[in-house]
Amino acid sequence: MRHLSLIILALALAHAQPALAANELGIDGEQPSQFEARAVDVLCELTGDCPQDCGAGTRQMGLLTDDGVLILVAKSSTLFAGGVLDLVAWCNRRVEVDGLLIDAEVTRFYMVQRLREPGTEKWTRARAFSHSWARANKQKNANRWFRKDPAIRALIEEFGPVGIPGAKIPVE
Amino acid sequence: MGKRADRLLPAAVLAAVLTLGLAWAGPQSAQATTRVTVTGEVIDTWCRVTAIMFAEGSAHYQCAVWCAIGGIPVSIMDEDENVYVILRVGEDDVSAANPTIARIQAHQVTVEGDLIERDGVNYLLVNRIADDQGIVNVTHEDVGIQPFGK
């Protein structure tokens, strides 16, 4: 079954343009991939439960290729952030993406690094989370956002940095 | 226009309307699901699967919270290393940056839910968290806090 899906995925990306700009990370199974697809709400695609706005950033997003292959978008170019806010702006529309397809032994997903309107020249870096976070938290930028985020700080305050309240933390 | 064309025209228009309608509609039906019970560690999908850094248990808890709040998919990895991407917990369909899901990062859980397999990915609609043992994979004593420390 896995071999079949790999073949399908390979066919789906067969028309992809050669990726010249994706930033490679040296991850096992990574493949620079630039292609066009439709941005979709994954839960909608799988279950038919479809809010008009793809969940407005609250649901995982994917890329549906012309051959019907659904690719989960798990990561963006922002440190420790996913690609939901980058893709939701293209909800149910075609978009051209550039990034890394990660075909690991246990699962597969995509890291989106750039997006653009098909047929146009100008790319936008996949950093929507950074921009959104900075606006929401009234910061100039999202540098080290993960150290400053109120929801994260509250969780770390409650459970400690290793998730076990009162655990002894080894000296670095 | 002849009689034959008169008869065919409405059918052609109907076919065109149906074709356009199907092209613009969303998914027409839900995919088949399988009822499953899954036991495993709640993981930060990106870091654990890519092995881009040490991403197991308590050592990676802090980073797993960062990634969950950052909207990276949260999954459960069972002892056979099957990965189940969580798309829903009960009636809560927030699967990106959900603080409730972030609270159980790195926990050992047993969940009951519906599995949907699509293009090499296991998607899980959790109906119920049957058991939550908290963090049992204590790794920070050996490797510290990964990455970046406290």
* Could you go through the stretch A:71-86 in sequence order and give the Karplus-derived ³J(HN,Hα) for each residue, using 6.51 cos²θ - 1.76 cosθ + 1.60 with θ = phi - 60°, rounded to whole Hz, and x for Gly and Pro? => 10, 6, 9, 9, 8, 10, 8, 7, 3, 6, 9, x, x, 4, 6, 5
* Asked: When chain A is modelled as a GNM with alpha-carbon springs shorter than 10 Å, which of A:Leu46, A:Leu101, A:Leu70 fluctuates the most?
  -> A:Leu46
* Asked: Under 19 Å from the 7 Å Cα→Cβ point of B:Val143, by amide nitrogen: which residues of the stretch A:147-172?
  -> A:161-164, A:168-172
* Rounding to the nearest 20 debye, state how big the charge dipole of the stretch A:69-166 is about its Cα centre with +1 on each Lys and Arg Cβ and -1 on each Asp and Glu Cβ. => 500
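Compute for the stretch B:78-150: radius of gyration divided by Kirkwood radius, i.e. Rg/Rh, restricted to C-alpha atoms, rounded to two decimals. Provide the component values of the computation, followed by the final result.
On the way: Rg = 14.1 Å, Rh = 14.0 Å.
Reported Rg/Rh, Kirkwood definition of Rh: 1.01.
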* Of the peptides A:51-59, B:136-144, how do they stack up when ordered by the mean number of other Cβ atoms within 10 Å, highest first? -> A:51-59, B:136-144
* Which is farthest toward the positive dipole end of the stretch A:115-172 among A:Asn137, A:Leu155, A:Trp123, measuring Cα position about the Cα centre, with Cβ charges +1 (Lys, Arg) and -1 (Asp, Glu)? -> A:Trp123
* Asked: Per-residue mean of other chain beta-carbon atoms within 10 angstrom of the beta-carbon, peptide B:112-120?
  -> 6
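State, as an integer percentage, the relative contact order of chain A based on alpha-carbon contacts under 8 Å between residues 6 or more apart. Don't skip to the answer; put the middle values down first.
Numbers: 296 pairs, mean separation 32.4, N = 172.
In percent, rounded to a whole number, it is 19.
Peptide A:103-113: average number of partner chain Cβ atoms within 10 Å per residue?
5
Rounded, prolate or oblate: which one fits chain A, using the alpha carbon gyration tensor with axes a ≥ b ≥ c (rounded when a/c is under 1.5, else prolate when a/b beats b/c, else oblate)? Please list the in-between numbers first.
Numbers: a/c = 1.77, a/b = 1.55, b/c = 1.14.
It is prolate, given that a/c is not under 1.5 and a/b is the larger ratio.
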* What residue among A:Ala74, A:Ala104, A:Ala22 has the largest mean-square fluctuation in a Gaussian network model of chain A, using Cα springs under 10 Å? -> A:Ala104
* Structure fact -> Taking the alpha-carbon centre of each part, the distance from the stretch B:66-90 to the stretch A:104-136 in Å is 20
* Would you mind checking which residues have amide H under 5 Å from A:Ser33's amide H? H placed 1.01 Å from N; only 5 or more apart, or other chain. => A:Gly99, A:Leu100, A:Leu101
* Structure fact -> Other residues with Cβ under 11 Å from the Cβ of A:Asp66 give, with Lys and Arg +1 and Asp and Glu -1, a net charge of 0
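Once you average over the residues of A:132-141, how many Cβ atoms of partner chains fall within 10 Å of each Cβ?
On the way: counts 1, 2, 0, 0, 0, 0, 0, 0, 0, 0.
Mean partner shielding for this stretch: 0.
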* Separation of the B:Glu91 and A:Arg144 label points, Cα + 7 Å toward Cβ, nm -> 4.2
* Provide the packing ranking of B:45-56, A:129-140, i.e. peptides ordered by the mean count of other C-beta atoms within 10 Å per residue, highest first. => B:45-56, A:129-140
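Each reported figure results from applying straightforward, stated rules to the coordinates on display, with no laboratory input. These figures come from a predicted structure and were not determined experimentally. Counting neighbours? That spans all protein chains shown, and the Cβs are built from the backbone with ideal geometry, glycine included.
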